[in-house]
Each structure stands twice: as structure tokens, then as C-alpha cells.
1. Determine the alpha carbon to alpha carbon distance for each of Lys59/Lys92; Lys59/Lys121; Lys121/Lys153 and list only those over 26 Å.
2. If you rank Ile198, Ile167 by fewest surrounding Cβ atoms within 10 Å, what's the result?
3. Residue by residue, what Karplus-based ³J(HN,Hα) values in Hz, rounded to whole numbers, does the range 42-54 have, using 6.51, -1.76 and 1.60 with θ = phi - 60° and x for Gly and Pro?
4. For Glu126 and Glu94 in one chain, what is 0.36 nm times their gap in residues minus the Cα-Cα distance, to one decimal in nm?
5. What net charge is computed for the residues neighbouring Thr158, neighbours being all others with C-beta under 15 Å from the C-beta of Thr158, Lys and Arg scored +1, Asp and Glu -1?
6. Sorting Tyr107, Tyr151 on the 10 Å Cβ count, fewest up front, what's the list?
7. Which FRET efficiency value, to the nearest 0.05, do you get for Asn117 and Ala172 by plugging their Cβ-Cβ distance into 1/(1 + (r/R0)^6) with R0 = 22 Å?
8. Which ordering of His199, His55 is given by a fewest-first count of other beta-carbon atoms within 10 Å?
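Read-outs: derived from the displayed coordinates by stated rules, not from any lab. The structure presented is a predicted model; accordingly, all values stated were derived computationally and were not measured. Here the Cβ positions follow ideal geometry from the backbone for every residue, glycine too, while neighbour counts run over all protein chains shown.
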Amino acid sequence: MKLRLVIAALVMLLAAPAVAQSDPAAVQESFAAYKQALIDGDGAKASALTSSDTHAFLKQTLDRALTMEAAEVQALPLLDQISILMLRHNMKAEQLREMKNGDPVAYAVDHKSFDMNEVEKLEAAEFTVTGSQAQAPISNLKGSPIPVNVYFKEEEGTWRFDLLSSIAPFRAVFDAQAGLLGALKTKDGNSGAVPLIIHLITGRAPDPNIWNPPG
């Protein structure tokens, strides 16, 4: 009888984390903590609440911003082109290298590379949890022409912000318009759409040399 009780206790202990992680409140708590880390400029906290594949994607994008030539950049999907050129547009080469060689998330948050007033306005509805992934509609996202869900994924018992899933709707929109946007060319044969989008987002016209890696 004692053995059966021990086995039953072990089953309950093993099952408990899975039950806890399926609770939408746990994801909401991580979202609130992540948002507060951004507001506080707490890079270490924000980084710890960011998924591993998000970290990898940011490292890859920084590497591309530092090294990719124009033809290589223009062969990428439009959202990736925009991400690379936005980094070149907003940061100097030494800043890109410092960010890439350290922790990109912590660097961006520590340097408050975002509009804090807009971050404070962001709100997420109740999260829907499916296995190790959770999502919720997000409101008050400035400038978004389409509804957006924010995604978190469970890693090592912690719900972490999942950038790749969160930006998937934007990627789909740009992919769907790739043919139309790709037809817009400047006199030198480079894409005219991406610099125009960057100009609209930042209010500043990018340097014509932005397609080439920084010195």
C-alpha cells in the first residue's frame, strides 16, 4: 500500500508543472513582467523573458546588417530586408557590433530603443494556451494596420516572449505584396519599396548607400 501511495505522489508531482504551465494567468503574468521590464529599462529581465529562437533571430539579423551586400539583402523576404535596413538606418556600425557581441535584447532595452509611452499603452487580452505556446490579441499597438496577437512560448518552465510568431502576420502581408512592392525600383536598380517604408516609419529618408554594409 505504501508503494502505491509513493507512486501516486510521484505522478502528482510530475504532472503539477504541466498543469501550472497551462494556466493562462501564468502567461499573463509573464507578459506583465516583460512589459514592465521594457518600461523600467531592465535589459537583463527582458532578456530572461525572451525566447531562445528570438535571441537567435536577432543575432542573425545583426550579423546580416553588418555583413550582407545589396544583392544578398534584396534576395531576402521583404520583412527581413526592412529589419536589416532599419538597423543600418538607426545605428552606427560600432553600435551594431556592440549589440551583436553582447545580448541584443538587453542592449535594446537598456538603451530604451523604443517609445516607452507606446509600450505603457499595450494591453493583452486573456491568453489562449495550446501546449507550449500561448497567444492573446494585443491592443493599442501604434501604427498597425492589421490585428496582432502577442505570442509567448514555454521554455524550461518559464513563459517567454516569442517574437517570430508575433510578427508572422506582418511577414504574411509583406510576402503577399512582394510582387507589387518588388516592382518599385530606384534609378540604380535597387528596391524602392523598402527605403520608402523605412522613411514612412521613421520620418527620415535613408541614405542611398544603406544597401551596403556599414564600414
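1. Lys59/Lys121
2. Ile167, Ile198
3. Values per residue, Gly and Pro as x: 8, x, 5, 5, 5, 5, 5, 9, 10, 5, 5, 6, 5 Hz.
4. Result: 7.4 nm gained on full extension.
5. With Lys, Arg at +1 and Asp, Glu at -1, the net is -4.
6. Taking fewest neighbouring Cβ atoms as first place, the list is Tyr107, Tyr151.
7. Once rounded, the FRET efficiency stands at 0.20.
8. His199, His55
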